[in-house]
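Only one structure is covered here, and it is reproduced in the block below.
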Amino acid sequence: MRQLVLIWPVALCMAASTATASSFQPGDVLVIGGTQQITEYTPDGTIVQAIPIPSNGGGPVEVPHDLTVDDNGIVHVFNGTFSPLLSSYNPASQTWSSTTFPGWNTAGASTQGGVAAFRHFVFATDMYVFPEALNDRGLIRFDLSSNTALKFFNGYDMGDVTVGLDGLVYGVGAQGSAGPISVFDPVSLQLVRTFSLGFQTGGLAVDSAGNIFAIGVGSLATSIARYSPEGTLESTLDTGFDLSHIDIDSQGHIVAASDDHIIITDESLSSFATFQVPFNVPNFSTIVPIPEPGALLEIGVGLAVLSGFRRARQ
């Protein structure tokens, strides 16, 4: 059952950390973990800037769990645990705005909870927390163009969600759940298909051809595995780090996060570069999208970023 809810922005706005804060550079890596801030890194690990994330007022357990960047360069943060906010940062105006949804929450585990953007939609995971009704869990879609939101796929604990570059929404069951990966149309919300990779999945990213890049949990958490759209294992890359999150951009760059390192590779999974982050807790990371030809930013910016990725892997 779906319930459409009218949402209003929460009265929560603050300026960025300093007057010199600027827009995020395409190809850079945004990281949250350990502190209430977004840190922007170049692909070689140089810190560019740090943007404080406003607290949701719920105490020390209400920490950020994930972030995503939409097509307009707005960063959306899964901001909290048992009473989360969808906190959105506009780098052009250097301001935050937030909204929420009734009954939205996630488990206390820092690796749970995910957000993903598609056009004017933001998708978020939802989990059962006592004393809610057992079917009060699933996925939430925020429609930022109409200030409405709805919950769908009710009755399933969801630990992560991603929007593939193939234009589909992939919902991953919560860790500890043996449920399959569920794929949805982002507009109609119709279930397209379900599949399993044969192991408990901690997170995944999907390229434009539908190839799947997945990380596992436990003994499988150190590896990134590439699967065909049909689910055939094609390649693996053992990073040596316990990974908690993975993302991919339109150029084929892949970023994965561990407790204290960021790993950068590409779709070949032939090698990787890494840099350290000073948090020592599970991190979430994403790549600032590189604009397609015809976008407002010049192509030269994208080429410079690609060059940076190549230097980082040499």
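Taken together, the values in this text are just the output of simple stated rules run on the coordinates, not laboratory data. Note that the structure is a prediction, hence the values are computed from the model and not measured. Virtual Cβ from ideal backbone geometry, glycine too; neighbours counted across all protein chains shown.
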Q: Return the whole-Å distance between the Cα centroid of the stretch 73-132 and the Cα centroid of the stretch 269-288.
A: 21
(Q) What is the sum of charges, Lys and Arg at +1 and Asp and Glu at -1, for the other residues whose Cβ falls under 10 Å from the Cβ of Arg137? (A) -3
Q. Counting Lys +1, Arg +1, Asp -1, Glu -1, what net charge surrounds Tyr227 among other residues with beta carbon under 15 Å of its beta carbon?
A. -3
(Q) I want the local charge near Leu197. Using Cβ-Cβ distances under 13 Å, sum +1 for each Lys or Arg and -1 for each Asp or Glu among the other residues. (A) -1
Q. How far is it, in nm, from the label point at Ser271 to the one at Ser145 when both lie 7 Å from their Cα along the line to the Cβ?
A. 4.4
